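Below: one structure, written as structure tokens.
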Amino acid sequence: MWWTAAVAAVVAALTFSLTNVYNTSNDSIPSSTANPPFNATLANYRLRGHNGDDNQLTHSFVQSACGANLSVHYTDPSVWGKSTGSKTKPILILTHGYPESSYIWREVTPAVSKRHDRGARTMHRAAVDDNFPGITGMGFFAADIVPYIAEYASFTNPLYAQGYFHWAFLPKGQFATDVIMAYGGGKWVEHILELGSGENEKGLELFKKDQAWEIYINFFNRLSVTNASTFDYQAGAFTDYNQQLSDQTAGIKIKLPTHILYSEYNLGRQFDVLDVWKDYCEPSAGLTVKGVGGKRGHFIIEEAPDEAIKQLGAFMDRLGVAK
């Protein structure tokens, strides 16, 4: 579970980036010569998509309750007017995961933005929690992941433990940040991207297309982003993991319609994906899973964008979303 892509029901993709909170929390860490200067031009990309007369989504920053600034790409609310957030024009929430940014959706947003309005960040937790702030979900779509409990349990096998070594390393917090920044944040991320990629040459070409790797590497040359990622994994290893244990013990599971897209080359070799997710979904979820072959790797949204668009589109048809 390197990253999560979840749909709770206008096209948006967010990234924990450039937050003052994380900039100052480890300000004693010396800058490494392994970290080139941050390239603001490379970071200031726009995602293509339906946005009235504009063929690019609106980009802005939204401050969260914890003080983090979320970078958001979305269709302006005026485009859909009163139909915003309705069952036929619901809010589609597209999120990215480690170690990428909202740029992972660059091939998907042009295809899906004509069916939806704006959105914000969500996760597996939102699909489980009926009281998740501000969200009434219609469906849950995830790409190449299993729940925390299943992922951590798999590490009893050394093969999987070393393949996902960063799951044990990143929760070390400041120590992990220190080590990564000394090594070089961008250099670290390039290594992670290489480890998670598949063996399909076309898939790798698509993954690297439009300077994608350069964009991700550039973000992690910044202390704030690297530090935020260790906080994120620390929360996953403790707060989120324990909450998931509590949910499972109490029988609190996903009720929303659920679809899991996964890489046969990556997740499919480690888990019986359908069998794992069955234990986290109620029958009402109508759980479906579908693998992507051809040795496409973990970063399946970018390595197989056409298949991702196809499966996401079919899932939205299932939910009754207007075309």
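Any read-out appearing in this document is the output of simple, stated calculations on the displayed coordinates, not a laboratory observation. What you see is a predicted model; the values in this text were computed from it and never measured. So basically every Cβ, Gly included, is an ideal-geometry build from the backbone, and we count neighbours across all protein chains shown.
Is the stretch 214-323 best put as rounded, prolate or oblate by its Cα gyration tensor, with a ≥ b ≥ c the root eigenvalues, rounded for a/c under 1.5, and otherwise prolate when a/b is larger than b/c, oblate when not?
Oblate, since a/c reaches 1.5 and b/c is not below a/b.
Sorted by packing (mean other beta-carbon atoms within 10 Å per residue), highest first, where do 148-157, 219-228, 252-261, 174-183 land?
Numbers: 148-157: 16.1, 219-228: 24.9, 252-261: 21.2, 174-183: 18.1.
Result, highest mean first: 219-228, 252-261, 174-183, 148-157.
Can you tell me how the stretch 170-264 classifies by the Cα gyration tensor, rounded, prolate or oblate, using a/c under 1.5 as the rounded cut?
On the way: a/c = 2.85, a/b = 1.27, b/c = 2.25.
Here the stretch 170-264 falls in the oblate category.
Once you put a point 7 Å from the Cα of ASP54 and another 7 Å from the Cα of LYS310, both along the Cβ direction, what distance in nm separates them?
3.3
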